Amino acid sequence: MLYHRHINSIGSIMTNSIHLTKKLVTRMKRYTRHGFIKIVLSTIFIIGSFYAFGFWTRYKGNGITKPIFCLTDRDYDATSDDLQVVGYNGTSGNCNLRPCDLNMGREPPIIRKVKHNDFYSVEKLVTLIVKTANRLDSVERLLDSLWKYYPNMNAIIIDDFNPNLEQDPQTMAILRSKKVTYLQTLPNSGISYGRNIALKLCNTKYFMQLDDDIVFHSESSIEKLIAPLDESDLTVAAFHVDGARSIEGVFRIYEDPKGLRHIIQYPGVAYQAVPCHPHCYMVDSTLNYFVGKTAEVREAGGWENGLPVMEHLDFFMNLRLHKLKVAVCMDSLVEHRPAKDDPVRKHRFQVKPMYVEKCLRKWGLQSRVECPADQYESIQICDEPKLFGELPSY
């Protein structure tokens, strides 16, 4: 159960609350026989007992501890979400040189109370950003599925140079919608470059980053991502895709006996559940489908323009470098529906090795590997790692 350190204190708080309230009632009876006072004191007693069962957590602001009662709290059972929760111990290992600082300073989320006014609207808080490469049929499908559930949400679409755009009147009509900002860049400008343009244009508190081949459905809830972002110091909260786990989890920098450093990824591993938000879990990296705080991601630098592909892991390593917190919400899903025989995907696959090497050199790493979740406690590369990239050995 989360917050073990608070269990004893909650019990003592409740006991003291009951004792003091009874004592106060006894004293007040000496001075008045009015039933109104008795009703007020009884109400205080009930409310005090109710809050004593709530989560007590420290949050930034005036520096005091305030109660937050989570009506949906339960003993979090991460196995129901197919995750292994490991806590924050053992994240550093025996690594001291850069980029081993990525292993340091992970902390639980800070939960805070938030009151929304009557005009609260997710559609006014979030802007969709999408970088595409002439795949406007996929963009059209994405927008249709999004607007089915969020009909007033705005979108920023950044495309490569597209000389054939005007040949498709239906797509043109969608892109000319008041809800869409559509811009073209240079040919093969890259994912990172386009996303950074979209991030600069975003004027809402949150942005929603999606690939163009994503589809919304009845289980795609933006509200379930906004809630933990609004009520904590999380920077990113991500959707989940069933069966897609290659980067959804935690990572560790490991230094081998030769002094070479490697990044080990552990899919399906989380540090803890997010308090008050069942099915949301603290991780280091997620899939490329998430909602983020615009100002914080912008301040951290967004995406690396020098990585037109292989930008994904680099982005989350950069968030980790800036001590920004990331979660994935397993109960808000989107569908990944890639096109078959896609020339854009083929091109990215061809240039991928070059940019894998560039990313590794940037971070001073020898290799990027993946190990099973049950190997996390070993704090070293597993016996049969899945290799995603490696620099040449000389």
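Rule-based calculations on the coordinates, nothing more; no lab input. Nothing here was measured: the structure is a model prediction, and the numbers come from that model. With ideal geometry, Cβ positions are generated from the backbone for all residues, glycine too; neighbour counts draw on all protein chains shown.
The local environment of Cys100, defined by Cβ-Cβ distances under 10 Å, has a net charge of +1 under the rule Lys, Arg +1 and Asp, Glu -1.
Any idea what % of Cα-Cα pairs in the stretch 78-390 are farther than 27 Å? The share of Cα pairs beyond 27 Å in the stretch 78-390 comes to 42 percent.
With 20 Å as the limit on Cα-Cα distance, the pairs of Lys178/Lys224; Lys124/Lys325; Lys224/Lys340; Lys124/Lys178; Lys113/Lys205 that go past it are Lys178/Lys224; Lys124/Lys325; Lys224/Lys340.
For Val269, the residues whose modelled amide H falls within less than 5 Å of its own, excluding neighbours fewer than 5 places apart on the same chain, are Gln84, Val250.
Can you work out D for the stretch 122-215 in µm² s⁻¹ from Stokes-Einstein, where Rh is the Kirkwood radius over C-alpha pairs, the temperature is 4 °C and the viscosity is 1.567 mPa s? It diffuses with D of about 98 µm²/s by this estimate. Averaged over residues, the count of other Cβ atoms within 10 Å places the peptides 260-271, 98-109 in the sequence 260-271, 98-109, highest first. Which percent, to the nearest 5, of DSSP beta bridges fully inside the stretch 78-390 are antiparallel? If we restrict to bridges inside the stretch 78-390, about 55 percent are antiparallel.
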